[in-house]
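Accompanying notes for the structure given below.
Values quoted throughout were computed directly from the atomic coordinates according to the rules given, and no laboratory measurement underlies them. Here the structure is a predicted model, which means the values were calculated and not measured. Here the Cβ positions follow ideal geometry from the backbone for every residue, glycine too, while neighbour counts run over all protein chains shown.
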Amino acid sequence: MTDTPHQNLAIIGHVDHGKSTLVGRLLFETGSVPEHIIEQHRKEAEEKGKGGFEFAYVMDNLAEERERGLTIDIAHQEFTTDTYDFTIVDCPGHRDFVKNMITGASQADNAVLVVAADDGVAPQTQEHVFLARTLGIDELIVGINKMDIVDYDEDRFRAVVEEVKQLFNQVRFDTEDASFIPISAFEGDNIAEPSDNTPWYNGRTLLEALNDLPAPEPPTDAPLRLPIQDVYTISGIGTVPVGRVETGVLNTGDSVSFRPSDVGGEVKTIEMHHEEVPTAEPGDNVGFNVRGIGKDDIRRGDVCGPADDPPSVAETFQAQIVVMQHPSVITPGYTPVFHAHTAQVAGTIESLDKKMDPSSGEVAEENPDYIEAGDAAVVTVRPQKPLSIEPSDEIPELGSFAIRDMGQTVAAGKVLAVSEK
Ligand code: GDP
C-alpha cells in the first residue's frame, strides 16, 4: 500500500467521443501497464505483421470486448500520477452506468468529460454533465478530444468550449470549476506533455490538471453508513453482508444496526481483499459478520450504521429533482422507481411543492400542476416500501438518487429532508 491519496475518477461523454482511448492513453502515459504485457502484445502484433506503436498494444489489451462488438471495459482500471492513485469508476457506455453511478460502488470524486472536437456537444454529453452536477461531482476536466481530426484548429476548439460552457450554464454547473484542454487521446497531444501541434494553447496538460484536482476528504467524521450490496452465507463464518463503507468507520466490536430491516448486533469480523482487518474506512469494500444475524434477516438495499445513530428510514422525504427526460408530464401520483445507493424502491411523488427557475434557482411557482423535462422542482416522495435515505446536507453520500422509468433515467435528485415513521 502506498500513502498516495486516492481519487475515484469518472470518464464521461458521448459514445465514440474517445473515452476508452483516453483511458488507454492515461494508463500508457503513466506507465500503469506492466512492461511484460506491453512486450507480450508487441510480440504478438509483430508475429501477426501488425507492427505499430506501443499505445496500440495497450488498447488491444483493453479491447478484449471490442472483438465482440461491445464497449471496451474501461471501468476499474487504475493508474498513478505524481499526486494521486486514480481508479476509473464505472463509465458510461456500460448499460448500467446511470444506475451504477448512484450506487455506492461507483461514486466518483471528480470526472473527465470527453467531447470530440469534430462532433461537439451530443445527447449523452448533456445527460452525463447533468448527472455529474446533480450527483455532486466537484470538478470537471473537459478534454476536447480528437483535435487531430480538426487539424488542431484553435477556432474549432474555442467553438466547442463555448458549446460546453452553454451546457454548463443550462444545468447550472459552475464553469469556474472546469478546465478545458485540447487533446488527442489517439495521438497523445497535451496528455502528458504540452503538444507542439497546439502552440496557441499554453494551459495545463491533462495529467497536470489531474494532479491539481482537490483531494477528496474522506468522510470519516460522519456516522457509519454502509449500504449492503449482497448477503452471502460462507461456511465457517456464517452470514456475510458485503458493501462499501460510504461514511464513517466500521470496527470489530462495534454494535451496529441494519435499516430498514431493523436488526442489529456486534461486528465479529471484517474482511477486505481476503484478509481480516480490524477496521474499515470510507471507500473500503468489505464483507463482515455480525453476531446473531441470519441470511434472511437483511438484504440488499439495507444500510448498516451504528446502533446508537442508526440510518434514517423515510416514511416520506422531500427532495430537489431535475427532470431529464419524460415523454409527457409528471403529476402528483406518479410512481417510478427510485435508485438510491444499493436500494431500488418504487416511490410515489405525492406532491409537487415548488417549481424552480433553473437559471436562477429562485422559486418560479408554488404547487405547480405538473413538471416536465428540463424542470427543476421540490417534490415530496412516499416510498412504497421502507427506504433508508439521508438528507444530503448531512450525509451527501446517502442523499442522492436517480428516478428511473421505462428503462430511462427520468430525473435525478438530492434529499432535502427525511420524515421518519
Ligand atoms: P468511447 O465510446 O467514448 O469509449 O470512444 P472510443 O475510445 O471507443 O473511440 C471511438 C473511436 O474514436 C475509435 O475508433 C477511436 O480510435 C477514435 N478516437 C478516439 N480518440 C481519438 C483521437 O484523439 N483522435 C482520433 N483521430 N480518433 C480518436
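Would you kindly derive the ³J(HN,Hα) couplings of segment 407-421 from the backbone phi angles with the Karplus curve 6.51 cos²θ - 1.76 cosθ + 1.60 (θ = phi - 60°), listing them in order in whole Hz, with x for Gly and Pro?
In residue order, the calculated couplings are x, 10, 7, 7, 7, 10, x, 10, 7, 8, 8, 10, 10, 8, 4 Hz.
Which entries of Lys295/Lys414; Lys355/Lys414; Lys385/Lys414; Lys268/Lys385; Lys165/Lys355 have Cα-Cα distances beyond 21 Å here? List each step's numbers first, then the result.
Values: Lys295/Lys414 31 Å; Lys355/Lys414 15 Å; Lys385/Lys414 19 Å; Lys268/Lys385 30 Å; Lys165/Lys355 24 Å.
The pairs that break the limit, which is 21 Å between Cα atoms, are Lys295/Lys414; Lys268/Lys385; Lys165/Lys355.
How would segment 226-306 be classified by its alpha-carbon gyration tensor: rounded, prolate or oblate, with rounded meaning a/c under 1.5 and the a/b versus b/c comparison settling the rest? Don't jump to the answer; show the numbers that get you there.
Values: a/c = 1.34, a/b = 1.10, b/c = 1.22.
Judged from the Cα gyration tensor, segment 226-306 comes out rounded (a/c under 1.5).
Would you grab the residues whose amide H sits under 5 Å from the one on Tyr334? Only those 5+ places off in sequence or on another chain, please, with H modelled 1.01 Å from N.
For Tyr334, the qualifying residues are Ile349.
Distance from the Cα centre of segment 245-287 to that of segment 177-237, in angstrom?
Answer, in whole Å: 27.
Order these by the 10 Å Cβ neighbour count, fewest first: His341, His36, His17. The partial results should precede the final answer.
Values: His341 32, His36 8, His17 26.
Ranking His341, His36, His17 by Cβ neighbours within 10 Å, fewest first, gives His36, His17, His341.
Enumerate the aspartates and glutamates that Lys146 could reach by cross-link, defined here as Cα to Cα under 18 Å, with residues fewer than 8 away along the same chain left out.
Answer for Lys146, where 18 Å is the Cα cut-off: Asp16, Glu29, Asp118, Asp119, Glu154, Asp155, Glu162, Glu163, Glu187, Asp189, Glu193, Asp196, listed by chain and number.
Farthest toward the dipole's positive end in segment 278-331, which of Thr279, Val323, Asn289, given Cβ charges of +1 (Lys, Arg) and -1 (Asp, Glu) about the Cα centre?
Going by the Cα projections, it comes out as Val323.
In terms of the ratio Rg/(2.2 N^0.38 Å) built on C-alpha atoms, what value belongs to segment 313-420?
On the way: Rg = 12.6 Å, N = 108, 2.2 N^0.38 = 13.0 Å.
Dividing the Cα radius of gyration by 2.2 N^0.38 Å gives 0.97.
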